[in-house]
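Participant: Structure below; questions to follow.
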Amino acid sequence: MNDQYRTPYYSGLLAYIAKHRASFHMPGHKRGRGVHPDFKAFLGENVFLLDLTEVQGVDYLHKPTGILREAMDLLADAYGAKESFFLVNGSTVGNQAALMAVGGPGKKILIARNSHRSVVGGLILNGSMPVYLPVNVDPELGITTSVSPEVLREYLDKNDVDAVFLTNPNYYGVSGNIRELVDIVHEHGLPIVVDEAHGAHFHFHQALPLSAVDAGADLVVQSTHKTLSSMTQSSWMHMNGDLVDVELLKAALRTLQSSSPNYVLMASLDVARMQMATEGAELLSSALNVAQYLREAINEIPGLQCFGRERVGKYGIFDVDLTKITITVLGLGLTGYKVEQLLNDELGVEVELSDPNNILAFVTIGDDYDNADKLIKAMSNLSERFFGKLPPLETAAVHTFPVLPEVVLTPREAFFAEKKVVPFREAVGAISAESVVLYPPGIPVIAPGERITEESFDYVMKRKEEGAEVQGTADPELEFIQVLK
Ligand SMILES: Cc1ncc(COP(=O)(O)O)c(C=O)c1O
């Protein structure tokens with residue numbers, strides 16, 4: 001039998017549970033017996049039986065030698081990686097540990113400016129100085145796309161950096177030329193980390209963009225809970241080549257991850273790997289068919305547009321993950337934020353995110369045509385109500401701040417420096433001690449150590465007025481911000 005059908009970790013836990021030993025250890029709910037009956041009535045018993053702790057025979061995340069070792073080896077085999085790691089704090093901890101492994105005080109890291117806020121966390125942890133890479137923009141969709149290979153080469157030639165960190169694909173499934181990007185970094189003898197949070201499924205289907213693991217990136221972080229079937233907060237990371245100090249990476253993971261990792265999450269990773277390795281291509285073909293049905297139906301609805309591969313070759317778009325359904329709604333005379341609100345409040349449909357120009361719907365292996373029909377029906381309803389009755393809107397400025405910041409201090413220096421709190425509008429010219437992150441897509445506009453400019457201030461205020469949520473600052477309303485004294 002193909003080894004990939006095995007689930008050594010999940011099966012090992014089931015065998016342990018079957019032994020029915022008297023337990024005098026954590027977790028305190030003691031196989032669910034101590035859980036409030038209302039909660040248990042909803043969740044059922046099994047989830048509590050599986051919620052084990054590090055007892056003999058069920059292996060240790062921080063020192064895997066048994067069933068977890070086997071499960072992670074099968075994961076590495078499934079992706080063709082040299083070594084793979086289960087993560088229990090999302091891709092957030094993967095990005096942070098990766099940055100600790102390739103960075104450190106006094107080092108410089110070339111980072112694409114469209115990186116997720118967890119990357120700022122990684123820089124605070126590793127003490128490195130970021131050198132930001134500009135990212136291409138699609139002016140019609142109003143989103144950032146990918147880093148150009150020529151730009152990467154130019155920045156590597158001009159800057160003496162120790163590693164490169166890229167995000168690929170973006171939230172909307174747009175992928176850059178990852179093979180060429182990885183090759184360019186390797187020509188310079190440097191390691192490349194790829195945040196592939198939105199691409200854990202790529203490796204398993206030929207019609208999807210190339211995975212950074214297959215392109216030979218040194219570290220690749222994937223949010224399995226976003227596009228595969230594992231549970232929220234579970235993720236994994238793959239390592240290839242010998243440019244990364246694997247012992248440092250493991251030490252970083254031991255430092256950052258809980259000493260009580262959740263066994264339900266890790267079992268869900270083991271099963272998700274088995275599912276993908278054994279029937280991933282089939283499941284993803286069905287998801288792609290549902291997505292194509294949805295894309296074609298949406299493109300028939302007046303006022304709406306949903307892009308596909310015809311955009312390849314423009315604005316840094318090298319490939320497109322067709323499971324992602326980006327619906328540009330400006331033709332209705334409404335912003336993406338307004339459409340998301342109407343879908344939520346009136347039409348019983350929840351999407352992944354909205355921005356000034358678009359809404360984004362994810363199609364995964366959990367979808368079917370019935371679910372797709374609900375979105376089509378809801379979007380038809382909105383088109384009938386608004387198309388032709390309101391003037392179409394112009395594409396709003398790109399919803400990810402396109403200007404590269406002036407980095408004065410490392411994020412770590414700014415994080416620990418003496419600070420004062422000032423009204424946000426009086427902070428222009430000062431050095432920020434906080435991240436200002438607009439959600440979606442969770443990318444910082446301002447990071448600690450950067451000078452706040454008139455442009456970044458105006459940009460944040462405009463996005464906020466349009467309906468974007470601000471995260472990252474102590475003051476949730478961002479009337480005040482912490483800057484360096
Ligand atoms: C590009 C990117 N990287 C990393 C993350 C963090 O992933 P997680 O939520 O699994 O910690 C996200 C989350 O949205 C993301 O979009």
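Every read-out reported here was derived from the displayed coordinates using simple, explicitly stated rules and does not represent laboratory data. What you are looking at is a predicted structure, and each value in this text was computed from that prediction instead of being measured. Here the Cβ is made from the backbone with ideal geometry for all residues, glycine too, and neighbour counts use every protein chain on show.
Participant: Hey, if you put +1 on the Cβ of every Lys and Arg and -1 on every Asp and Glu Cβ in segment 411-484, which of 472, 415, 428 ends up farthest toward the positive end of that dipole?
Facilitator: Farthest along the dipole direction, towards plus: 415.
Participant: Under 8 Å for C-alpha pairs, at least 6 residues apart: give me the relative contact order for segment 379-485, rounded to a whole percent.
Facilitator: Taking the mean separation of contacting Cα pairs over the length of segment 379-485, I get 32 percent.
Participant: How far is the Cα center of segment 351-420 from the Cα center of segment 137-211, in Å?
Facilitator: 21
Participant: Which value results when the Cα radius of gyration for segment 411-484 is divided by 2.2 N^0.38 Å?
Facilitator: Here the Cα radius of gyration is 0.98 times the empirical estimate.
Participant: Using the 10 angstrom Cβ neighbour count as an exposure proxy, how do 11, 223 rank, fewest first?
Facilitator: 11, 223
Participant: Please give the Cα centre distance for segment 23-76 versus segment 242-286, rounded to the nearest Å.
Facilitator: Between the Cα centre of segment 23-76 and that of segment 242-286, the gap is 16 Å.
Participant: Given N residues in the chain, what is Rg(Cα) / (2.2 N^0.38 Å)?
Facilitator: Against the compact-globule rule of thumb, the ratio is 1.00.
Participant: Could you work out the pair-distance distribution P(r) of segment 359-485 from its alpha-carbon pairs, with 10 angstrom bin width and percents rounded to whole numbers?
Facilitator: Over segment 359-485, the share of Cα pairs per 10 Å bin runs 12, 33, 23, 16, 13, 2 percent.
Participant: Same structure again: Using DSSP to call loops (not H, G, I, E or B), can you name the trypsin sites (Lys or Arg not before Pro) in segment 107-210 whose Cβ has at most 12 other Cβ atoms within 10 angstrom?
Facilitator: Of the trypsin sites (Lys or Arg not before Pro), not one in the loops of segment 107-210 has a Cβ with at most 12 other Cβ atoms within 10 Å.
Participant: Determine one quarter of the surface area of the Cα convex hull of segment 281-386, which equals its mean projected area, and express it in nm² to one decimal.
Facilitator: Convex hull of Cα atoms, orientation-averaged projection: 6.6 nm².
Participant: Distance cut-off 30 Å, Cα to Cα: go down the list 226/485; 40/63; 324/462; 158/485 and report the pairs above it.
Facilitator: From the list (226/485; 40/63; 324/462; 158/485), the Cα-Cα distance tops 30 Å for 226/485; 40/63; 158/485.
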